[in-house]
Amino acid sequence: MTAHDPSPHHLQLTRDGQLRHFLTLDGLDRDLLTDILDTADSFIEVGERTIKKVPLLRGRTVVNLFFESSTRTRSTFELAAKRLSADVLNLDISTSATSKGESLSDTLLNLEAMASDMFVVRHSQSGAPHFIAESVTPGVAIINAGDGRHAHPTQAMLDMLTIRQHKQRFEGLKVAIVGDVLHSRVARSQIRALNVLGAEEVRVIAPGTLLPKDVESLGCTVEYDMEKGMKDLDVVIMLRLQKERMEGALLPSEREFYRLYGLNREKLALAHPECIVMHPGPINRGVEIESAVADGPQSVILNQVTNGIAIRMAVMSMAMGGQVAERQRQQAKGAKA
Amino acid sequence: MSHTSNQSSTLLLITGGRLVDGQGGEADNDALLIRDGRIAATGSQARSADVDDTINADGWVIAPGFVDLCCNLREPGNGQKGNIASETRAAAHGGFTTVCASPETSPVNDSGAVTHLIRDVAASRSPIRVLPIGAITRGLEGDLLSDMAGLRNAGCVAVGNGSRGVRNARILRRCMAYAQTFGLTVMFSPENQALAADGYAHDGLVTSRLGLLGIPEVAETAAVMEMLLLAEETGVRLHLSQLSCARSVEMLAEAQQRGIKVTADVAIHQLLFTEDALAGFDSRFHVRPPLRSESDRRALVAGVREGVIAAIVSQHQPHDTAAKQAPLAATEPGLSTIESVLSLGLELVDRDELSLTDLVRALTSGPASVIGRTSGLAEGDMADLCLFDPTGTWVADDRTLVSAGRHAPVTGRELTGVVRMTLVEGRKAWDALQA
Amino acid sequence: MTAQLDINQLLDELETGLRRILEERGVTEPAIIGIRTGGVWLADVLSKRLGIDQAFGELDISFYRDDFSRIGLNPKVKPSSLPFDTEGRDIILIDDVIMSGRTIRAAMNEIFDYGRPASIILATLIDLGARELPIQPDVAGRVLSLAAHQRVKLRGPDPLRIELQETGQ
């Protein structure tokens, strides 16, 4: 029985299927994900010009709303917004308003008074960007820059862009995601993207303590033994391991984790010879991955950084475009009525 | 309950409609006579009386008034989330004639003084009967025993720990043994705190997909098992509040067969909704225990149908708007349900998951027996009645809801089943015509 | 109903006009840029006719359009590709049809983001008038004046043809 209908799927699309928020990959179809990748390709070309800037978001204000600090992600969003000619405001809320007891709703009210056009939201709680998208004034686009354990859709899409650049397709690909899937918003978005884009198999490789319940329902197979799991892989994605995982009795030690689930040359040799190695960063060398692999010929970790700006430009311009198109339609309807 | 006027001599006649007593009895109503707050006569005998007032119940169902074992009235408290006056009036709107007031107030109802306060306010402001539940541990902290004898003497009908657990099995065992001394029924929401940890949603498909923090089923089932064993050993009358797992129902049935004195209830929303309700991060459905899988829901409904689960409760938790306006994990748990219980229950009847008799039993005689009371439509029974139109429709919104909490489980579409009149000891606690 | 205009005749006009201007201006090594989609087909044909060996450029002006705030982003944007350095070059900019002049404005803005060209010659197959900006082609294959219900459309790339469409009123 459904009590209501504002599913995330409807929330992020306009009536005619254009993106207007970018909160999760759930509910977005293959065509839309492909459009995002194609648009990002065009922005990569822009990044190679003398003047790496296009006037799409000229005169618009993008607010980077980071309730959880992350210099790296915030910087790529900032650069992306600036290359779209937007004005950018960085707000590190983790240390200000909310810690003084101001509620998220009140913080938002204050920010809306600044007449922003887009909020890029990073939050430690799953679903926070959904909540913001449901409560902001119509016309303001919300981009999820990572929420709790839920989703990190721009990170997943830049990973997809990297895979497409190296493999030219998703059909027939065997991809493994290794490590702390339980706590990873990136892994959830990646599994979704790979399924929608048509990868043949998505494997997660991790000990039972680092897998969510019923993980197979997300669209993946489970392998506890990494050496078995490396077989025939075209892509291996390593996840970051937070040090505090030892404290909650999820793992005995970093050393045992590295021995069992760290990627070294020997394990990589078990994969397809052209298997690429990815990591959303920042890397813990000697915990998830051996330096020789991270810096080796099969590693595409640095590519991922370049692609991050292009994907964010694509998503920001598409969502803003959806919002303005929707507003135009409503005004036209209003004029007719 | 207000006793503003002496109505002992008033004679009230209800004609027409269908009597459903929740104990298997169903009959067309010819006439039902109420005198001195009790059902005085039925049938042609009732007709002959010279009455002060007649209620035409054609097309309605006449059931005993509903009894709620778990209701938060938010008083004492700061009033933002409602108070005894607002929430008992909402309960009357929902067809309830008796509600048990949860000890989770501010301050907590852990002393005779707070119990007296609740009863005093209810006596002057509530249109229905309010029966307080006392806190079994001081401040509901789960560490030290409360003055249970004092609570009983002040009028508490049972003792429990609200939605909160106790520190460990040793304290739980002592709580039970001490309550047993005074013949008090203990009410516990089974939840192993170490296993529930920081969770706030069912550990399952939706939690995995949305990256929510899960409460595994075993957090409940392990606690149910522990409580059943301790109840068996101490001999206390145990009532398990708000079950959510299929496995818990199995263990409960098995314990009842072995003769352990144990009863249980389930919140109305657990019978209709599942984990899927959280799919859009809808904070209204942040409830505790969490909504679980479809197979759990079916087992809970079956538990009610078979009488293993004695009562359906509202677990009414009114909140101010701000409490639900935040990312899911930061919101407060609970739904404002008490006005929707009947309509939601009738959806189960409509879907043939429950019979009307099952539903009425679980809302009347079932919960009444847990707190040692009776309920019925026979001569001599208390004239606590709920008269509802089973085909009438309404929409839960700001206009219709009486509760201070507007986060009803179903909004924005029509619900079937409208309470036309609620009578407490023959007096009108709710009359739709005058609302 | 659809009518055909003679494409070859128009291309001849365009080629003759371009040759004349290049000579007048003393441009010996022009670089051709076509605006997607029709302009790119024309850039291909004219490169061959003018005997220019340098690969032509393709411009997708989606990121520079001035109607983003009305219709949003073109969902089928493709990367622009200029296989030469524009800095100091003489550019021939080609589009199939010129009307308001807004597309050309966007295209020139984009070209300048690659570098500062020495000059730009604007060529269009058809000039429909109805200008909204002070931008004029240096060469046009044909100047047409259409009725409100008429549309002109370049089809291609092989064979390249022009359709004059009578739309429903």
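The values are calculated or read from the model by the stated rules, or taken from the named source; none is laboratory data. Computed from a prediction, not measured in an experiment: that's the story for all the values here. All Cβ positions, glycine included, derive from the backbone under ideal geometry; neighbour counts span all protein chains shown.
Can you find a residue that is acidic (Asp, Glu), farther than 19 Å from B:Val266 by Cβ, at pLDDT 95 or above and surrounded by fewer than 19 Cβ atoms within 10 Å (Cβ to Cβ) anywhere in region B:183-200? Don't jump to the end; show me each part of the working.
The initial filter retains those residues of region B:183-200 that are acidic (Asp, Glu), namely B:191, B:198.
When the remaining residues are screened for being farther than 19 Å from B:Val266 by Cβ, the result is B:198.
If we keep only those that are at pLDDT 95 or above too, we end up with none.
No, every residue in region B:183-200 fails to be acidic (Asp, Glu), farther than 19 Å from B:Val266 by Cβ, at pLDDT 95 or above and surrounded by fewer than 19 Cβ atoms within 10 Å (Cβ to Cβ).
What's the number of the only condition in (1) buried (at least 18 other Cβ atoms within 10 Å of the Cβ); (2) acidic (Asp, Glu); (3) at pLDDT 95 or above that A:Asp31 fails to meet?
(1)
May I ask you to list the residues in region B:151-175 that are under 18 Å from B:Thr105 (Cα atoms) and small (Gly, Ala, Ser)?
Start the filter on region B:151-175 by keeping residues that are under 18 Å from B:Thr105 (Cα atoms), which leaves B:151-152, B:154-166.
B:Ala154, B:Gly155, B:Ala158, B:Gly160, B:Gly162, B:Ser163, B:Gly165, listed by residue number.
Mind telling me which of the residues C:Glu15, C:Glu58 ends up being closer than 21 Å to C:Gly156 by Cβ and within 14 Å of chain A (Cβ to nearest Cβ)?
Testing whether each residue is closer than 21 Å to C:Gly156 by Cβ and within 14 Å of chain A (Cβ to nearest Cβ) leaves just C:Glu58.
Checking B:Ser126 against (1) closer than 23 Å to B:Leu342 by Cβ; (2) of a type in the set (Ser, Thr, Tyr); (3) in contact with a Gly (Cβ under 9 Å, 6 or more places away or on another chain), which test does it fail?
Only one criterion is unmet by B:Ser126, namely (3).
Which condition number in (1) on the phi < 0 side of the Ramachandran plot; (2) away from chain B (no Cβ under 14 Å) is the one that A:Arg185 fails?
The number of the failed condition is (2).
So which residues in region A:164-199 are in contact with a Leu (Cβ under 6 Å, 6 or more places away or on another chain) and among the acidic types (Asp, Glu), if there are any at all?
A:Asp180
Could you list, in sequence order, all residues of region B:198-229 that are more than 9 Å from every other protein chain (Cβ to nearest Cβ), part of a loop (DSSP other than H, G, I, E, B) and not acidic (Asp, Glu)?
B:Gly199, B:Tyr200
From B:Pro390, B:Pro333, grab the single residue that is in the same structural domain as B:Gly22 (by TED's automatic domain parsing) and not in a helix (DSSP H, G or I). Show your work before the answer.
Values: B:Pro333 fails: in the same structural domain as B:Gly22 (by TED's automatic domain parsing).
Exactly one of B:Pro390, B:Pro333 is in the same structural domain as B:Gly22 (by TED's automatic domain parsing) and not in a helix (DSSP H, G or I), namely B:Pro390.
Do you know which of the residues in region A:43-56 that are out of contact with any Gly (no Cβ under 9 Å at 6 or more places or on another chain) and in contact (Cβ under 8 Å) with a residue 24 or more places away in the chain is nearest to the other protein chains (Cβ to nearest Cβ)?
Among them, the one singled out is A:Val54.
A:Val54 - would you say it is surrounded by 15 or more Cβ atoms within 10 Å (Cβ to Cβ), touching a Leu at 6+ places or on another chain (Cβ under 9 Å) and more than 21 Å from A:Phe119 (Cβ to Cβ)?
Against the criterion (surrounded by 15 or more Cβ atoms within 10 Å (Cβ to Cβ), touching a Leu at 6+ places or on another chain (Cβ under 9 Å) and more than 21 Å from A:Phe119 (Cβ to Cβ)), A:Val54 qualifies.
Residues of region C:44-93 being surrounded by fewer than 19 Cβ atoms within 10 Å (Cβ to Cβ), aliphatic (A, V, I, L, M) and touching a strand residue (DSSP E or B) at 6+ places or on another chain (Cβ under 7 Å), which ones?
Listed by number, the list holds a single entry, C:Ile52.
Looking at region B:317-334, I want the residues that are at the interface with another protein chain (Cβ under 7 Å from one of its Cβ atoms) and over 18 Å from B:Gly79 (Cα atoms) and have a partner that is of a type in the set (Ser, Thr, Tyr) and part of a loop (DSSP other than H, G, I, E, B) with Cβ atoms under 6 Å, at least 6 apart or on another chain. Which pairs are those?
Listed by first residue and then by second, the contacts come to B:Ala329/B:Tyr200.
Could you say whether any residue in region C:35-42 is surrounded by fewer than 20 Cβ atoms within 10 Å (Cβ to Cβ), hydroxyl-bearing (Ser, Thr, Tyr), farther than 30 Å from A:Gln330 by Cα and within 12 Å of the chain's Cα centre (by Cα)?
Yes, that holds for at least one residue.
Taking C:Ile135, is it in contact (Cβ under 8 Å) with a residue 24 or more places away in the chain and closer than 20 Å to C:Asp44 by Cβ?
no
Can you tell me which residue within region B:39-55, out of those that are in a strand (DSSP E or B) and touching a strand residue (DSSP E or B) at 6+ places or on another chain (Cβ under 6 Å), is surrounded by the most Cβ atoms within 10 Å (Cβ to Cβ)?
Step by step, filter region B:39-55, then rank; the result is B:Ile55.
Checking B:Thr364 against (1) in the same structural domain as B:Cys156 (by TED's automatic domain parsing); (2) of a type in the set (S, T, N, Q); (3) closer than 27 Å to B:Gly79 by Cα, which single condition isn't satisfied?
Only one criterion is unmet by B:Thr364, namely (3).
Being in contact with a Lys or Arg (Cβ under 8 Å, 6 or more places away or on another chain) and not aliphatic (A, V, I, L, M) narrows it down to one residue among A:His166, A:His150; which is it?
A:His150
Can you tell me which residues in region B:274-312 are among the small types (Gly, Ala, Ser) and assigned to a loop (DSSP other than H, G, I, E, B)?
B:Ala279, B:Gly280, B:Ser293, B:Gly307, B:Ala310
Give all pairs with beta carbons closer than 7 Å in which a residue from region A:264-288 that is without any contact (Cβ under 8 Å) to a residue 24 or more places away in the chain meets a residue that is surrounded by fewer than 17 Cβ atoms within 10 Å (Cβ to Cβ) and of a type outside the set (D, E, K, R); count only pairs at least 6 apart in sequence or on separate chains.
Here the result reads A:Arg285/A:Ser291, each pair linking region A:264-288 to a residue that is surrounded by fewer than 17 Cβ atoms within 10 Å (Cβ to Cβ) and of a type outside the set (D, E, K, R).
Please enumerate the residues belonging to region C:94-119 that are surrounded by fewer than 19 Cβ atoms within 10 Å (Cβ to Cβ) and in a strand (DSSP E or B).
Hit for region C:94-119 is C:Ser119, nothing else.
Name the single residue that is nearest to the other protein chains (Cβ to nearest Cβ) among those in region A:57-76 being crowded, with 18+ Cβ neighbours inside 10 Å and closer than 29 Å to A:His166 by Cα.
Looking at residues that are crowded, with 18+ Cβ neighbours inside 10 Å and closer than 29 Å to A:His166 by Cα, I get A:Thr73.
Out of all the residues in region C:150-157, is one or more in a loop (DSSP other than H, G, I, E, B) and in contact (Cβ under 8 Å) with a residue 60 or more places away in the chain?
yes
Residue-by-condition table, conditions (1) surrounded by fewer than 21 Cβ atoms within 10 Å (Cβ to Cβ); (2) modelled with pLDDT of 95 or more:
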site: B:Ile133; (1), (2): no, yes
site: B:Ile136; (1), (2): no, yes
site: B:Gly139; (1), (2): yes, yes
site: B:Leu144; (1), (2): yes, yes
site: B:Ala149; (1), (2): yes, yes
site: B:Asn153; (1), (2): yes, yes
site: B:Cys156; (1), (2): no, yes
site: B:Asn161; (1), (2): no, no
site: B:Asn168; (1), (2): yes, no
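Return the total of residues in region A:128-171 being away from chain B (no Cβ under 12 Å), β-branched (Val, Ile, Thr), in a helix (DSSP H, G or I) and closer than 18 Å to A:Gly322 by Cβ.
Adding up the residues that qualify gives 1.
For residues that are of a type in the set (A, V, I, L, M, F, W, C) and at the interface with another protein chain (Cβ under 8 Å from one of its Cβ atoms), scanning just region B:247-288, find the one that is surrounded by the most Cβ atoms within 10 Å (Cβ to Cβ).
Looking at residues that are of a type in the set (A, V, I, L, M, F, W, C) and at the interface with another protein chain (Cβ under 8 Å from one of its Cβ atoms), I get B:Phe281.
So which strands (runs of 3 or more DSSP E) are wholly in region B:65-176 and hold at least 1 residues that are touching a residue at least 24 places away in the same chain (Cβ under 8 Å) and aromatic (Phe, Trp, Tyr)?
B:66-71, B:96-101
I want to confirm something. Restricting to region A:94-127 and keeping residues that are assigned to a loop (DSSP other than H, G, I, E, B) and farther than 16 Å from A:Val62 by Cα, which single residue is modelled with the lowest pLDDT?
In this case the residue turns out to be A:Ser96.
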